[in-house]
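See below for the structure under consideration.
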């Protein structure tokens, strides 16, 4: 086949579009013949709220250059409140991407209604060009980056972050069990610090999976003060997620305990 | 439907049907090479192209291939699933293939129509999209749709005109209906009113036949002075706890629920001298005075429109008050004598008479009740100086007169013919009500003369908006249905589903979803009844197999999923684990993305399926 398609790098953009608004908006865009670059590959989901951080981070691990999430406008969600959760989760995803060192701009959340066909073409065109400017994701070539993105993915699956991002909307709108509504800024700070901690712990586990490592070594790779690394290791040992190995000599090393038979 | 087990265990045998859609796809995508490419994909045993897959020969080619090649997965690459999925799913079912084993790939709206000038790239994208569809199809599982029986009994919350209309409609269709009304009698807000616009009849007289019909209907059970205390269940199977005031709670089994709890009049506390000067009343209080024929002697009446509404205390226009005020203005001009206090007509008092005692007490009592305070500190109404009553002047201070529709404009014209004065004010120059030398006065800015004018009046009637019931929030929590910003119930879709809630089995009618007049309330009540009757007449609801599935081995019973579900479709089972009520679940996936233990998955939207589909896009072409 005479192929213009091979050769030069082209951005690989994955779209997750909600059935009721963004996917329908993309349909209308087609019906109206608004043109946009061919790079995007859309996956239909019933609601943007379905997209957990793991789905997005795993796609980045697989080498996507950009991920576009499309939902209904706030207040218009087919499932009433789904997109409020999406908004909160995207904030968490972006925080995790920042931690991992992959540009958080590679992930974008857009509200496109079923009547906004033209907007869909504009969003896709603009986002594709933005990814083109950012260049290819080096996740698959850069081992260090891959480890960090994998750590971000693992962190997103931690009980603490999933519970926090699930409860966040309720805590600021309906209040906690004591009927106190939490200050959204305060809650954001709590989530941010939990995100940082969970990411660092996941990264320690990620780095110590294949090879036992010392605190100093981990601190060096992670560019973290060793006391902070040690504090994480204490927590991870309490949770029985990491084990101390070869305490001979003066430098103990730590190795990740594999759970289940997945590895 | 094919044997479920057979499909689960068999290796996928995928058939791919690539549609040209005439030239809609074929003109911009190289369909033959795409179909050839599909044959090379894993587990694809058959691939072909059709001119129109949705035409009868296209559909029969699907049926034939399923039989001939023993296909257990079908992919159609054509237009959007949003319009054509049901057709192809039915075709698969017809050929014995579970409809959940069908995959739709959109290469028209999402490809050929949006990449019309790049045939090579569009063709490559079509290949990628089909590869993604194949990756998804390989992981699909057959699903069974759950049928849930519907209890053919309706519940109407609220016994005003909309609630009664809903109840009568359902009862006339043969369904037993319960009405729960918190007041001691039926009729709701309308009971307070004097007469209804356009008709000459009294309000009580107008709705009396409806009340009689409700009371006499063999299918209607009335629960007066009662409120809803608890709601459990889902469409078709609600258990609702109701209790009379201070009485014991009893349980009703109902299939559908209509919410028709009505609205209240906004109390303009602190506005325009309300509760400060005598003879400053709200529209409804004025109607009560008229109805009881206890109007004091008046020479000049001022109506002030939009008190508290349209951006002052509430954001919206209350829709009905222009017409109610016009009606009352005409009433005063036409029938003032008929509404005067009995003593007035006998002419025993001429110059200085008090506001009729009985009416005043009643109104003060109403105000006290609404404020929930005791009667202490309420001064008696002051006396008002009145002049002779042979000619009465009515002025309507308004921001705009919204006499919409067919009749109302004519009524407005009629009022003007009767020399009711309409004086426009703007929000920059609100009229002021004050008392000077024992005389009530209104100062206003005359927009045409650009002058401030003051006129003495004997009574000021404040047109205040209908506002949401203060306890609407409690009911919304019990039923798990939303309220809008102003505290009114929020329908599923503002245009297309105005009397449905997003939650199946619960419907809404009347002023509890926003201001409406009586005919509109009746329309909404009847509409809600017809919507509620659909599942009851059918006898069952069939839930699409698109729901959450809880893995009990992972669930810790933390309850986060229950908190985030907008439909109340999750509950704890007797083991303490989360359990999905399939009939109530809509499959949005919020619980799945939320579950801290990753114990919840969605049927045919599993992480594995979504990731396989998305990652297939990132693979280099095989």
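The values are calculated or read from the model by the stated rules, or taken from the named source; none is laboratory data. For clarity, every value in this text was computed on a predicted model and none was experimentally measured. All Cβ positions, glycine included, derive from the backbone under ideal geometry; neighbour counts span all protein chains shown.
Remarks
- Residues that are more than 10 Å from every other protein chain (Cβ to nearest Cβ) and surrounded by fewer than 24 Cβ atoms within 10 Å (Cβ to Cβ) number at least 2 in the following strands (runs of 3 or more DSSP E) confined to the range B:61-150: B:146-149.
- Exactly one residue among A:14, A:80 is within 23 Å of residue B:567 (Cα to Cα), at the interface with another protein chain (Cβ under 9 Å from one of its Cβ atoms) and not in a helix (DSSP H, G or I), and that residue is A:80.
- Comparison of A:2, A:62, A:26, A:42 shows that the only residue that is modelled with pLDDT under 95 and on the phi < 0 side of the Ramachandran plot is A:2.
- Selection count where residues are more than 38 Å from the chain's Cα centre (by Cα), assigned to a helix (DSSP H, G or I) and in contact (Cβ under 8 Å) with a residue 12 or more places away in the chain, scope the range B:292-340: 5
- Within the range B:521-547, considering residues that are modelled with pLDDT under 95 and in contact with a helix residue (DSSP H, G or I) (Cβ under 8 Å, 6 or more places away or on another chain), the one nearest to residue B:143 (Cα to Cα): B:545
- Unmet criterion (only one of (1) under 24 Å from residue A:132 (Cα atoms); (2) more than 9 Å from chain B (Cβ to nearest Cβ)) for residue A:87: (1)
- Restricting the range B:485-500 to residues that are in contact (Cβ under 8 Å) with a residue 24 or more places away in the chain and touching a helix residue (DSSP H, G or I) at 6+ places or on another chain (Cβ under 9 Å), the residue that is surrounded by the fewest Cβ atoms within 10 Å (Cβ to Cβ): B:498
- Residue in the range A:98-110 that is at the interface with chain B (Cβ under 7 Å from one of its Cβ atoms), within 21 Å of residue A:137 (Cα to Cα) and buried (at least 23 other Cβ atoms within 10 Å of the Cβ) present: no
- Condition check for residue B:551: surrounded by fewer than 22 Cβ atoms within 10 Å (Cβ to Cβ), over 19 Å from residue A:49 (Cα atoms) and within 11 Å of chain A (Cβ to nearest Cβ): no
- The set of residues in the range A:88-106 being without any contact (Cβ under 8 Å) to a residue 40 or more places away in the chain and touching a strand residue (DSSP E or B) at 6+ places or on another chain (Cβ under 7 Å) consists of A:90, A:94.
- Given (1) over 26 Å from residue B:485 (Cβ atoms); (2) outside any loop (DSSP other than H, G, I, E, B); (3) out of contact with any strand residue (DSSP E or B) (no Cβ under 9 Å at 6 or more places or on another chain), index of the condition residue B:541 fails: (3)
- Residue match in the range B:38-60 (condition: modelled with pLDDT of 95 or more, more than 27 Å from residue A:38 (Cβ to Cβ), part of a strand (DSSP E or B) and touching a strand residue (DSSP E or B) at 6+ places or on another chain (Cβ under 9 Å)): yes
- Residue count for the range B:198-242, restricted to those that are under 21 Å from residue B:584 (Cβ atoms) and in a helix (DSSP H, G or I): 0
- Of the residues making up the range A:69-79, just one is surrounded by fewer than 24 Cβ atoms within 10 Å (Cβ to Cβ) and either modelled with pLDDT of 95 or more or on the phi > 0 side of the Ramachandran plot (or both), namely A:75.
- When residue A:66 is tested against (1) surrounded by fewer than 24 Cβ atoms within 10 Å (Cβ to Cβ); (2) over 29 Å from residue B:545 (Cα atoms), only condition (1) is not met.
Residues checked against (1) modelled with pLDDT of 95 or more; (2) under 11 Å from residue A:256 (Cα atoms); (3) crowded, with 17+ Cβ neighbours inside 10 Å:
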| residue | (1), (2), (3) |
| --- | --- |
| A:186 | no, no, no |
| A:191 | no, no, yes |
| A:195 | yes, no, yes |
| A:211 | no, yes, no |
| A:214 | no, no, yes |
| A:235 | no, no, no |
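- Among the residues of the range A:93-127, those that are part of a helix (DSSP H, G or I) and within 16 Å of the chain's Cα centre (by Cα) comprise A:93, A:94, A:95, A:96, A:97, A:98, A:99, A:100, A:104, A:105, A:106.
- 3 or more residues away from every other protein chain (no Cβ under 14 Å): qualifying helices (runs of 4 or more DSSP H) within the range A:128-230: A:143-156, A:184-207, A:215-222
- Residue in the range B:562-579 that is under 27 Å from residue A:169 (Cα atoms), surrounded by fewer than 16 Cβ atoms within 10 Å (Cβ to Cβ), more than 24 Å from the chain's Cα centre (by Cα) and within 14 Å of another protein chain (Cβ to nearest Cβ) present: no
- Residue that is in a helix (DSSP H, G or I), within 14 Å of chain A (Cβ to nearest Cβ) and crowded, with 21+ Cβ neighbours inside 10 Å, where the choices are B:532, B:612, B:617, B:584: B:617
- In the range A:180-198, the residues that are free of Cβ contacts under 8 Å to residues at least 12 places away in the same chain form Cβ pairs under 9 Å with partners that are surrounded by fewer than 18 Cβ atoms within 10 Å (Cβ to Cβ), at six or more places apart or across chains, as follows: A:181/A:173; A:181/A:174; A:181/A:175; A:182/A:175; A:182/A:176; A:182/A:190.
- Hits in the range B:587-599 (condition: at the interface with another protein chain (Cβ under 10 Å from one of its Cβ atoms), touching a strand residue (DSSP E or B) at 6+ places or on another chain (Cβ under 7 Å) and not in a helix (DSSP H, G or I)): B:587, B:589
- Residue within the range B:460-476 that is modelled with pLDDT of 95 or more and more than 29 Å from residue B:309 (Cα to Cα) present: no
- Filtered residue count, the range B:436-477, keeping only those that are outside any strand (DSSP E or B) and more than 16 Å from the chain's Cα centre (by Cα): 14
- Residue check, residue A:60 assigned to a helix (DSSP H, G or I) and either facing chain B (nearest Cβ under 10 Å) or in contact with a helix residue (DSSP H, G or I) (Cβ under 6 Å, 6 or more places away or on another chain) (or both): yes
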